[in-house]
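Report on the following structure.
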Amino acid sequence: MKLKALGQSGITVPEICLGTMTFGEQNDQPQAFEQLNYALDQGLYFWDTAEMYPVPPKSETQGATETIIGNWIAQNGQREQLLLASKIAGPQQGGSHIRDGLTRFTEAEISSAIDGSLQRLQTDYIDLYQLHWPQRPSNFFGVAGYGNHQAAQTDQITPLAETLMALDKEVKKGRIRHIGLSNETPWGTMKFLQLAETLGLEKIVSVQNPYSLLNRSYETGMSEIAHYEAIGLLAYSPLAFGWLTGKYRHGARPENSRITLFSRFSRYSNPQSIWAIEQYALLAEKHNLSLTQMALAFIQQQFFVTSTIIGATSLDQLKENIQAFQLQLDEEVLKGIDEIHRQQPNPAP
């Protein structure tokens, strides 16, 4: 397993991060333990979770993912061998069931969120603590366009400096070791970096944003920040909720798959995405690759990607995903990918 530097944190992480948002919903605890054990055996000691998980979020299961991981730690130990990443939910998508709706990024609410995560994870520190999405109105979770209605929604926004100072205090307490962003924009990323330098506060080390063959928007703006500021990408949804495995081609809806179970996940099902998926699938077949292999190997080869977050609902899926990272796409495949991208760029931002 290749290791890469996590920003300027001084630590390295595997090029694959285990995503766990299905734990507690599509995967029960024994299935989750099976994945965690296998991942660790393969050198995947970097695990990502969130207080909001599992997905889809609902009050009945909120926090179950962290609880399952905590139960694994309690049973197996090995905490020092792991790098645990978690995330605090903000107000715009979090729902009132998370901390009774007290989900602003203030010092008190950040402290409360960390209290809950530490208790569920059965640990006294989190290696990487991330803001799950901007508290301010912004473009995340597939929202396109920044209009007047967003710019006008400024009530109850916690100043970024206040949020960063609160996170800095938690680092100094030892309850979190490093901080990162998620679903963040170039402006937000640079603002946090500027505040850290100006105020002498903890610097972010990563940004967790979507990145896949269907959404390469990170390449504009954010990749340049990664290059000059040493802020690597933790790429989530690399297989676009399973669409880039090919299992939904030609209208197929496998039993117990995410799209079959949860029709609300329509981010990758528009006609433009369907066309692009088919073209990528044909390209993969032409070069004797699976679509999954090609989609994941493409991400791995981008300089700005620190680690790719892969999740699975079965051990077989997890094994296939991990094996894809052993591939290196040649120039002919990469040219084919770029040609499809030029014809249909970012159909699912």
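Read the figures in this text as sums done on the coordinates, not as results from a lab. Only a predicted model underlies this, so the values are computations on that prediction, with no experimental measurement involved. Because the Cβ atoms are built from the backbone with ideal geometry, glycine has one as well, and the counts that use them run over all protein chains shown.
Listed from fewest to most Cβ neighbours within 10 Å, the set 21, 165 follows the order 165, 21.
Remark: for residue pairs 2/87; 247/286; 203/319; 191/247, the C-alpha separation exceeds 29 Å in 203/319; 191/247. The alpha carbons of the chain occupy a box of 54, 49, 38 Å along the principal axes, longest dimension given first. With the charge dipole of segment 104-144 set up from +1 on Lys and Arg Cβ and -1 on Asp and Glu Cβ about the Cα centre, the Cα lying farthest toward the positive end among the listed residues 131, 106, 144 is that of 144.
Relative contact order, whole percent, for segment 38-99 stands at 43, derived from Cα pairs under 8 Å and 6 or more residues apart. Each residue of segment 168-174 is assigned a 3J(HN,Hα), and the resulting list reads 4, 4, 5, 5, 5, 6, x Hz, derived from the Karplus form 6.51 cos²θ - 1.76 cosθ + 1.60 (θ = phi - 60°), x at Gly and Pro.
Charge dipole of segment 12-133 (Cα centre as origin; +1 on each Lys and Arg Cβ, -1 on each Asp and Glu Cβ, all else neutral): 200 debye, rounded to the nearest 20. Rounded to the nearest 500, what is the 222 nm mean residue ellipticity of the chain from helices alone, with -39500 (n - 2.57) per DSSP H run of 4+ residues and division by all residues? Using -39500 (n - 2.57) per qualifying helix, the result is -12000 deg cm²/dmol.
If the reach is capped at under 15 angstrom between alpha carbons, list the aspartates and glutamates near residue 173, excluding any in the same chain fewer than eight residues apart. Output for residue 173: 107, 115, 124, 127, 202. Counting Lys and Arg as +1 and Asp and Glu as -1 over every other residue whose Cβ lies under 12 Å from the Cβ of residue 285, the net charge comes to +1. The local environment of residue 125, defined by Cβ-Cβ distances under 13 Å, has a net charge of 0 under the rule Lys, Arg +1 and Asp, Glu -1.
Once you order the gyration tensor axes a ≥ b ≥ c over the Cα atoms, which shape class does segment 211-349 get: rounded for a/c under 1.5, otherwise prolate or oblate by comparing a/b with b/c?
rounded
The alpha-carbon of residue 58 sits under 17 angstrom from the alpha-carbons of these aspartates and glutamates, leaving out residues fewer than 8 places away in its chain: 25, 28, 66, 100.
Rounded to the nearest 20, the size of the Cβ-charge dipole of the chain about its Cα centre is 340 debye, with Lys and Arg at +1 and Asp and Glu at -1.
When segment 192-349 is described by a simple charge dipole with +1 on each Lys and Arg Cβ and -1 on each Asp and Glu Cβ, the residue from 269, 328, 346 located farthest towards its positive end is 269. A Cβ-based charge dipole, computed about the Cα centre of segment 66-111 with Lys and Arg at +1 and Asp and Glu at -1, lands at about 80 debye. Ranked by how many other Cβ atoms sit within 10 Å of their own Cβ, fewest first, the residues 187, 72, 243 fall in the order 187, 72, 243.
Arranged from fewest to most other beta-carbon atoms within 10 Å of their beta carbon, 51, 80 become 80, 51.
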